[in-house]
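Take a look at the structure below.
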Amino acid sequence: AEKDATSALAINPRCAKAYIARGCARRSTDLAAALEDLDRALEMEPENARALVNRAVVHAERGDLDLGLADATRAIERDPSQAGHWATRGAMRANKGDLDAAVSDLKRALAINPRELGAWLNLGIVEGKRGDATAAIAAYERFLELVPDGPQADQARRNIERLKLR
């Protein structure tokens, strides 16, 4: 994906979508380069919600949750119909310790898309931290219904067992 985006940029260096694609591809290998590409895309298209939410994730991965939250909020303002935007902000709010707001965002994500995996998983984590074992278990169980063999399924099962011992 990174190579394709770079090729597209060689043809048209003003293509915001190509910068977004390359920024997303670079997130797993080079956060600074990913941030640079997403910044470039936002210079061209300041209201691009996809660029904003991806830059939010990069900021969070770099340890700056405040900038991440600001970008996630802007992405929601630009396109509130995307469950992933709400789930991203919910996860960031949880990481900052704002658990009630996190639950609100995660539930909003699930109202938009009941199959939003990250929202179910994070809702289980947050509800567990809030002390609501019943809600946490229900969220983990729904996650497991959707992806019984996914990479985080074993952790979800362990969390359910731990919660049942409370």
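The values are calculated or read from the model by the stated rules, or taken from the named source; none is laboratory data. These numbers were taken from a predicted model, which means no experiment stands behind them. Here Cβ is always computed from backbone atoms with ideal geometry, including for glycine, and neighbour counts include all displayed protein chains. The accessibility values were calculated without ligands, DNA or RNA, using every heavy atom of the protein model including side chains. Shrake-Rupley method; radii C 1.70, N 1.55, O 1.52, S 1.80 Å.
In degrees from 0 to 90, rounded to the nearest 10, what is the angle of the helix 49-61 Cα long axis to the longest principal axis of the chain?
Relative to the chain, helix 49-61 is tipped by roughly 70 degrees.
By how many nm would the segment from residue 32 to residue 104 grow when fully extended, if each residue of separation counts as 0.36 nm and the alpha-carbon distance is taken off?
22.8 nm
So for the pair residue 14, residue 44, with labels modelled 7 Å out along Cα→Cβ, what separation do we get in nm?
It works out to 0.9 nm between the two label points.
Tell me the per residue accessible area of segment 35-91 using a 1.4 Å probe; a whole number in Å² is fine. All intermediate terms of the calculation are to be shown ahead of the outcome.
Working: 2470 Å² over 57 residues.
Heavy-atom accessible area per residue stands at 43 Å².
How much of the accessible area of the chain, probe 1.4 Å, is carbon plus sulfur, in whole percent?
48
Select one label from (1) -0.28, -0.34, -0.90; (2) -0.57, -0.64, -0.96; (3) -0.34, -0.41, -0.99: the one whose number is log10 I(q)/I(0) by the Debye sum over Cα atoms at q = 0.09, 0.10, 0.17 Å⁻¹ as derived from the coordinates shown.
From the options (1) -0.28, -0.34, -0.90; (2) -0.57, -0.64, -0.96; (3) -0.34, -0.41, -0.99, the structure gives (3).
Please give, to one decimal in nm, the separation of the simple spin-label points placed at residue 64 and residue 4, each 7 Å out from Cα toward the Cβ.
3.0
How high is the FRET efficiency between residue 162 and residue 115 when r is their beta carbon distance and R₀ equals 35 Å, given to the nearest 0.05? Numbers along the way, then the final one.
Details: r = 25 Å, r/R0 = 0.72.
The pair residue 162/residue 115 has a calculated efficiency of 0.90.
Using only Cα atoms, tell me the angle between helix 99-112 and the longest principal axis of the chain; keep it within 0 to 90° and round to the nearest 10.
Once rounded, one gets 70 degrees.
Can you compute the charge dipole magnitude of segment 1-98 about its Cα centre, using +1 on each Lys and Arg Cβ and -1 on each Asp and Glu Cβ, nothing else charged? Give it in debye, rounded to the nearest 20.
So the magnitude is around 180 debye.
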